[in-house]
Amino acid sequence: MKMKRLIIIFCVAFFGASSYAQQVATITTPDSTYTIPMNGDMPANPFIRHMYTADPSARVWKDGRLYIYASHDIAPPRGCDLMDKYHVFSTDDMVNWADHGEILCADDVPWGRKEGGFMWAPDCAYRNGKYYFYFPHPSETITDHSWRIGVAVSRHPDRGFKVKGWIKDVPPYIDPCVFVDDDGQAYLYNGGSGHCFGGKLKKNMMELDGPMTEMQGLEDFHEGTWVHKYNGKYYLVYPDNYIENGVQYNRMHYAMSDSPLGPWDHKGIFLDRTDCDTMHGSVACYKGQWYVFYHNCALSHRGNLRSICVDKLYYNEDGTIRKVEQRDHCDVPRK
């Protein structure tokens, strides 16, 4: 009887602890570890809570981890024009995350705007043992027509990036996206103010291989291009110019093509608006599951203090994307 009681106590303790372990996720920084409640089999949204982040660019690298390159909103709120640095996060299970810290700031850009700021949505690509970090940044105080797509290079995905210059002859817009096709050809996209451009990159990942051209077939394009490939088809996703009751919001659209440079066939909205007046997202496949990453304002209720989120993404048999079911946003005070 005594032995049976001990076994029961052990089972309750063991399975109770296991159950509890599944109820929290973690984000580990160089200084601390924070816990995040779970929602289903992933952390509740937003899943980065110790700082404000936006514009997540998700990439899976050869070390088997999924990395997110994100811009940084400054608290207390100072406006998107004063965003001045980038952070990197990674995971190997979509539950527990590591914050690798800051990888680049405005002071690191020798040709950049002397007042700093304007470090907006970035992206990262890999070729021949090097990681290429692409970021938009103006070169003059008056930003109009002075936007450049800068490139920083490192042999590590999470540190050691050094600015090597900018890509010449790119239209003066923001939000770079670099897509590397199965044959190794890399493509650069950028855009804004209703215009989206794309073109080939040379193998050095620092120069265009011919002029960029405006993408055709997109409807209500705003900014924030992201290109990925699924079952031989190319997908271009982007936020629109949606207005509801006089308030600016964004929803995520997508278009499909047989070519990475179009023409594109607009398919509709796959991610509805959040509580935020901006939307910027990326799509990635990790360990057989597709995900969409984006940001909202659930922690701050302020459009210039955003937080990154993730939800699962599914395709229909014909290749179209199902409407994403956004998990309930866990609206709790920031830790």
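Descriptive notes on the structure:
- Only a single item in (1) modelled with pLDDT under 95; (2) within 18 Å of the chain's Cα centre (by Cα); (3) closer than 24 Å to Y34 by Cα is not met by D331, and it is number (2).
- Yes/no for V95 being within 14 Å of the chain's Cα centre (by Cα) and not aromatic (F, W, Y): no
- Applying the condition of being aliphatic (A, V, I, L, M) and surrounded by fewer than 18 Cβ atoms within 10 Å (Cβ to Cβ) to region 65-100 and asking which residue is nearest to G116 (Cα to Cα) yields L82.
- Tally of residues being buried (at least 22 other Cβ atoms within 10 Å of the Cβ) and either within 18 Å of V227 (Cα to Cα) or not β-branched (V, I, T) (or both) across region 101-117: 2
- Of all residues in region 276-322 being in a loop (DSSP other than H, G, I, E, B) and acidic (D, E), the one that is nearest to A121 (Cα to Cα): D277
- Test: residue in region 142-153 that is out of contact with any helix residue (DSSP H, G or I) (no Cβ under 6 Å at 6 or more places or on another chain), of a type in the set (G, A, S) and under 20 Å from V283 (Cα atoms): no
- Test: residue in region 232-242 that is within 18 Å of the chain's Cα centre (by Cα) and surrounded by fewer than 18 Cβ atoms within 10 Å (Cβ to Cβ): no
- Test: residue in region 274-283 that is surrounded by 14 or more Cβ atoms within 10 Å (Cβ to Cβ) and more than 18 Å from Y242 (Cα to Cα): yes
- Condition broken by K62, with the remaining ones in (1) part of a loop (DSSP other than H, G, I, E, B); (2) under 30 Å from G116 (Cα atoms); (3) touching a residue at least 40 places away in the same chain (Cβ under 8 Å); (4) not acidic (D, E) satisfied: (2)
- Considering (1) at pLDDT 95 or above; (2) closer than 28 Å to Q216 by Cα; (3) polar (S, T, N, Q), the lone condition that Q248 does not fulfil carries the number (1).
- Here E219 fulfils each of the conditions (1) farther than 30 Å from V153 by Cα; (2) among the charged types (D, E, K, R); (3) surrounded by 14 or more Cβ atoms within 10 Å (Cβ to Cβ) apart from (3).
- Every test in (1) modelled with pLDDT of 95 or more; (2) surrounded by 14 or more Cβ atoms within 10 Å (Cβ to Cβ); (3) in a loop (DSSP other than H, G, I, E, B) is passed by A54 save one, and that test is (3).
- Any chance G194 is on the phi > 0 side of the Ramachandran plot, in contact (Cβ under 8 Å) with a residue 24 or more places away in the chain, out of contact with any Asp or Glu (no Cβ under 6 Å at 6 or more places or on another chain) and not hydrophobic (A, V, I, L, M, F, W, C): yes
- First in region 143-161 and under 13 Å from P171 (Cα atoms) and in a loop (DSSP other than H, G, I, E, B), second anywhere and of a type in the set (S, T, N, Q) and modelled with pLDDT of 95 or more, Cβ under 9 Å, 6 or more apart: S146/S139
- Checked across region 100-119, the condition of being among the aliphatic types (A, V, I, L, M) and assigned to a loop (DSSP other than H, G, I, E, B) holds for at least one residue.
Conditions tested, residue by residue: (1) of a type in the set (A, V, I, L, M); (2) in contact with a strand residue (DSSP E or B) (Cβ under 9 Å, 6 or more places away or on another chain); (3) closer than 24 Å to K287 by Cβ.
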residue	(1), (2), (3)
M51	yes, yes, no
V60	yes, yes, yes
R78	no, no, no
C105	no, yes, no
P110	no, yes, no
K114	no, no, no
K130	no, yes, no
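- Residue pairs whose Cβ atoms lie under 8 Å apart, sitting 6 or more positions apart in sequence or on different chains, and linking a residue in region 285-311 that is over 22 Å from Y238 (Cβ atoms) to a partner that is basic (K, R), are Q289/K312; L299/R49; L299/R334; S300/R306; S300/R334.
- Residue within region 246-253 that is basic (K, R) and either within 21 Å of the chain's Cα centre (by Cα) or within 30 Å of D99 (Cα to Cα) (or both) present: yes
- Subset of region 159-172 (residues that are surrounded by fewer than 22 Cβ atoms within 10 Å (Cβ to Cβ) and either in contact with a Ser or Thr (Cβ under 8 Å, 6 or more places away or on another chain) or among the aromatic types (F, W, Y) (or both)): G160, K162, W166, P172
The values are calculated or read from the model by the stated rules, or taken from the named source; none is laboratory data. Please read these numbers as outputs of a predicted model, since none were measured by experiment. Neighbour counts are summed over all protein chains in view; Cβ atoms, including those assigned to glycine, are modelled from backbone coordinates with ideal geometry.
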